[in-house]
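Engineer: A single structure is presented below for examination.
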Amino acid sequence: MGILDALVPDAEVVYRAEIQFRDSISAGRPSSTDVIQAWIRSKAGVTDEIEIVNMMKRTYIDTHPDMTSDEIYKIHDMPFEEFKKLSEQVAADMNLQVFLRVGVDDALCIESRQVKSMLREAMSIQFSRMGPTAAKKGWGPSRKGAESFFRERVFVDPTFIPLTDENGNKLTMPTEVIQWIGHPKGIHGENLSTLQLVEVCHRAKLSFDVRVAKNAVEDLSEKNWAYLWHAAQENGLGAKRSQGFGRFDLVKWSRV
């Protein structure tokens with residue numbers, strides 16, 4: 001908060017929002033080798049060393065589809081200590097997509113910029129080349145375009161928004177890690193196949209504030225916000241939205 005903000009308490013209006021994902025939100029942040037190895041060794045609470053190594057072996061085999069039967073048997077029969085040395089190579093070979101982790105409790109978070117980008121996209125979808133009403137062709141006193149007007153007058157807090165369960169408890173581990181096969185284009189236009197491991201959270205919630213500049217409140221009416229949230233809900237938030245991830249329902253929207 002700036003030192004002069006107390007002089008202009010009416011400079012903006014604040015809305016409290018809460019959304020709940022209908023199914024799953026997907027992570028999209030490439031992981032470091034250290035995070036991958038930590039996931040391999042913890043496996044959401046697995047502590048038995050033998051079970052961890054067996055899981056690592058299965059992961060290694062799954063991420064090496066070109067292995068021969070003899071090579072697979074060799075992995076299965078590999079001694080405990082020898083295979084532990086292979087974990088670094090497993091980590092290097094896996095492409096794990098993770099959530100941002102913040103704070104001493106490593107809470108899984110979405111950044112406010114992602115939420116603002118989602119809302120700005122919804123603004124463009126609903127009001128591109130349109131004004132806030134049929135009679136008004138531009139946004140704000142200077143009659144700006146919809147997206148520019150929104151970008152300059154709407155802000156989302158906090159910077160890091162923790163994912164929570166349905167009871168409001170911060171999530172520190174994903175619900176599961178799924179295998180995802182992608183088909184990107186190579187540098188010469190050739191078709192490629194990639195195997196990713198992706199963290200996902202089921203039925204998670206996000207709570208955050210949306211701050212709206214005073215001179216934008218009239219144009220961003222309750223009905224226009226309804227249009228924005230309708231588009232945002234269906235297009236979703238997070239990674240892999242084209243595959244159905246990240247769709248949600250707005251469950252709370254109130255002026256603070």
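Engineer: Rg and Dmax in Å for segment 105-246, alpha carbons only: what are they?
Structural biologist: 18.4, 52
Engineer: Let me ask something else. Below 13 angstrom from the Cβ of ARG247, what's the summed charge of the other residues (Lys, Arg +1; Asp, Glu -1)? Write out the running numbers ahead of the final one.
Structural biologist: Details: positive: ARG22, ARG203, LYS240, ARG241; negative: ASP23, GLU234, ASP249.
Charge balance near ARG247 sits at +1.
Engineer: Still on this structure: Measure up LYS136/LYS205; LYS116/LYS170; LYS137/LYS252; LYS74/LYS170; LYS136/LYS252; LYS57/LYS205 against 32 Å on the Cα-Cα distance and list the ones that go over. Please report the intermediate quantities before stating the final value.
Structural biologist: Values: LYS136/LYS205 36 Å; LYS116/LYS170 21 Å; LYS137/LYS252 30 Å; LYS74/LYS170 42 Å; LYS136/LYS252 29 Å; LYS57/LYS205 34 Å.
As for pairs spanning more than 32 Å Cα to Cα, those are LYS136/LYS205; LYS74/LYS170; LYS57/LYS205.
Engineer: Would you order TRP229, TRP253 from fewest to most other beta-carbon atoms within 10 Å of each residue's own beta-carbon?
Structural biologist: TRP253, TRP229
Engineer: Follow-up question, since we're still on this one. Distance in nm between label sites at GLU71 and ALA135, each 7 Å beyond Cα in the beta-carbon direction?
Structural biologist: 7.3
Engineer: Taking neighbour Cβ counts within 10 Å as the exposure measure, how do ILE19, ILE181 sort from fewest upward?
Structural biologist: ILE181, ILE19
Engineer: Give, as a single signed number, the net charge of other residues whose beta carbon lies under 10 Å from the beta carbon of GLY28, with Lys and Arg counted +1 and Asp and Glu -1.
Structural biologist: +2
Engineer: Find how much the distance from ASP23 to ASP106 grows on full extension, using 0.36 nm per residue of separation minus their present alpha carbon separation; answer in nm with one decimal.
Structural biologist: Extra length available between ASP23 and ASP106 comes to 27.6 nm.
Engineer: Then there is this: Okay, which of segment 213-232 sit inside 17 Å, backbone N to the point 7 Å along the Cα-Cβ direction of ASP10?
Structural biologist: Under 17 Å, as judged by backbone N against the label point of ASP10, lie 213-219 of segment 213-232.
Engineer: Around GLU12, which amide H atoms from residues at least 5 apart in sequence, or from another chain, sit under 5 Å from its own amide H, with H modelled in the peptide plane?
Structural biologist: Amide H to amide H, under 5 Å and 5 or more residues apart or across chains, GLU12 pairs with LYS214.
Here, each number is a calculation from the coordinates, and none is a lab measurement. Keep in mind that this is a model prediction, so the values were computed, not measured. Cβ atoms come from the backbone with ideal geometry, glycine included; neighbour counts cover every protein chain shown.
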